[in-house]
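Have a look at the structure that comes next, please.
Coordinate-derived values only; no laboratory data. Quick caveat, the model's predicted, so the values are computed rather than measured. With ideal geometry, Cβ positions are generated from the backbone for all residues, glycine too; neighbour counts draw on all protein chains shown.
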Amino acid sequence: MTGTSAAVSVSSVLAELFAAAARGCRDRSPLTQRLLTDAAYDLGRGGVTARIMAGSERDREGTVPGLRFAGAVHRLVLEGRAPALAKHYPSVGGSPHLPTLWEDALPALTQHADLLRHRVQATVVQTNEPGRSAPLYGGLLVAAQEAAKAAGRQVPFCVRLLEVGASGGLNLRPHHVGYQLPDRVLGDPDSLLVLNPEWTGTPPADLDHTLRVVGRAGCDLTPVDVSTEDGRLHLSSFVWADQLDRWNRLRDALDLAATDPVKVERSAGPEWLAKQLARAERDVLTVVWHSVVWQYVSPADRAMGRAVLADAAAKATPTTPLALLVFEPRRAADDDYRFELLLRLWPAGISLNLGRGAGHGTPFTWDVTPWE
Ligand SMILES: C[S@@+](CC[C@H](N)C(=O)[O-])C[C@H]1O[C@@H](n2cnc3c(N)ncnc32)[C@H](O)[C@@H]1O
């Protein structure tokens, strides 16, 4: 194979990855779908997209090069560096006109090709979805009350929340969020972030009890510092610009985080968890929480994480109970993936599947069954 034909076949592999990413946006983000479809065609003919993606041609499919490209372009728009393109982006007040999207993208892609190439290479696709605070809040109410019942207490436990894979930590303040139900608001009704949880049913808990969070901490392999403009732009760039609900939710969550900062530590989950779980607080329920993290964790870290948790579970007592609460995709009987909320409590020996919902946390159906 000549050098030229090798280069052509490498870029056609990348073009196929872009086309696959475009198909993944179908019905959810027409804007991103069109941008990636046009960029895939441009890659195939060696246009400016090939210059931007130079050096990323052999990246693994799992790194989703297309979404890194779309995120870098969205970030240009958010920074005000792509005025002609901005008129298509609802995140900055625009309205998509798909037939002219690509011709309006070209000036910015050409002018900022080097910057885009650098960013595509330097970033990983990273989101932090505040909608997941809704199943988290309901799950914490259940955990605090079930642990209390098992320990023979009248009053639910206070909670210490430990989040593995916290990203920017936007789900580390579930008690400061409002949850608008048809007849009432749970959590903090005056919060800067009020979610519509779109629940079918309600958590199997007394909703009149207040959730008391007395400690919170989070870790991530690549934490996002949402107290910086760079961190906020990083998270914002990966929200598809025409998904205004998610966009507004993220903006409100970032505003809330600014009033109530929690640092996310840079660490792999197991090491961090071992340190956090080394001490237990009396009369406090320690809850280990993770959402949409497990699929990214290496087999070695999974094994180590399980061992750290088993060790802490063996030491849990009725006055220092421990919970594992997770919201993760699980393969269902029909081979499809479902996002399920799972709870284990020690030493109570309770293991519940609390229900299932959309990947972003809303809507959610409460439906309690045993977690086998
Ligand atoms: C899809 S994001 C989900 C973020 C957040 N949990 C949420 O629900 O919005 C997955 C996060 O897991 C982190 N992650 C992956 N493997 C990890 C590990 N072994 N230890 C800690 N964090 C990890 C990634 O860096 C990323 O921020």
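On a full-extension model of 0.36 nm per residue, what is the gain between ASP336 and GLN154, subtracting their alpha-carbon distance, rounded to one decimal in nm?
Separation in residues times 0.36 nm, less the Cα-Cα distance, equals 61.4 nm.
A further question follows. Name the shape class, rounded, prolate or oblate, that the alpha-carbon gyration tensor gives for the range 130-370, where a ≥ b ≥ c are the square roots of its eigenvalues, rounded holds for a/c under 1.5, and otherwise prolate holds if a/b is larger than b/c and oblate otherwise. Present the calculation step by step, with values, prior to reporting the outcome.
Numbers: a/c = 1.36, a/b = 1.18, b/c = 1.16.
Taking the square roots of the gyration eigenvalues as a ≥ b ≥ c, the range 130-370 is rounded.
Just flag the trypsin sites (Lys or Arg not before Pro) in the range 257-291 sitting in loop per DSSP whose Cβ has no more than 15 other Cβ atoms within 10 Å.
Passing sites in the range 257-291 are LYS263, ARG279, ARG282.
Would you kindly state how much longer the chain becomes between ARG58 and ALA303 on full extension, computed as 0.36 nm times their sequence separation minus their alpha carbon distance, in nm to one decimal?
Extra length from ARG58 to ALA303 when fully extended: 85.2 nm.
Okay, moving on. The range 130-204 to the range 276-328: how many Å between their Cα centroids?
With the range 130-204 and the range 276-328 each reduced to a Cα centre, they are spaced 18 Å.
Label points 7 Å out from Cα along the Cβ direction at THR259 and THR365: separation in nm?
Those two pseudo-labels are separated by 3.5 nm.
THR222 to GLN126: extension gain in nm, 0.36 nm per residue of separation minus the Cα-Cα distance?
The THR222-GLN126 span can extend by a further 33.7 nm.
May I ask which residue of ALA21, HIS175, ALA323 lies farthest towards the positive end of the charge dipole of the chain, with charges of +1 (Lys, Arg) and -1 (Asp, Glu) on Cβ and the Cα centre as origin?
Farthest towards the positive end: ALA323.
How about the range 247-351: which GluC sites (Glu not before Pro) there lie in a loop by DSSP and see at most 13 other Cβ atoms within 10 Å? Don't skip to the answer; put the middle values down first.
On the way: sites: GLU265, GLU271, GLU281, GLU340; in loops: GLU281.
Here the sparse-neighbourhood loop sites are GLU281.
Pairs of Cα atoms under 8 Å, at least six residues apart: use those to get the relative contact order of the chain, whole percent.
On the way: 695 pairs, mean separation 59.9, N = 372.
The normalised contact order for the chain reaches 16 percent.
Per DSSP H run of n ≥ 4, the term is -39500 (n - 2.57); total these for the chain, divide by its residue number, and report the mean residue ellipticity at 222 nm rounded to 500 deg cm²/dmol.
Working: 12 runs with 150 residues, N = 372.
Taking each H run of at least 4 residues, the total per residue is -12500 deg cm²/dmol.
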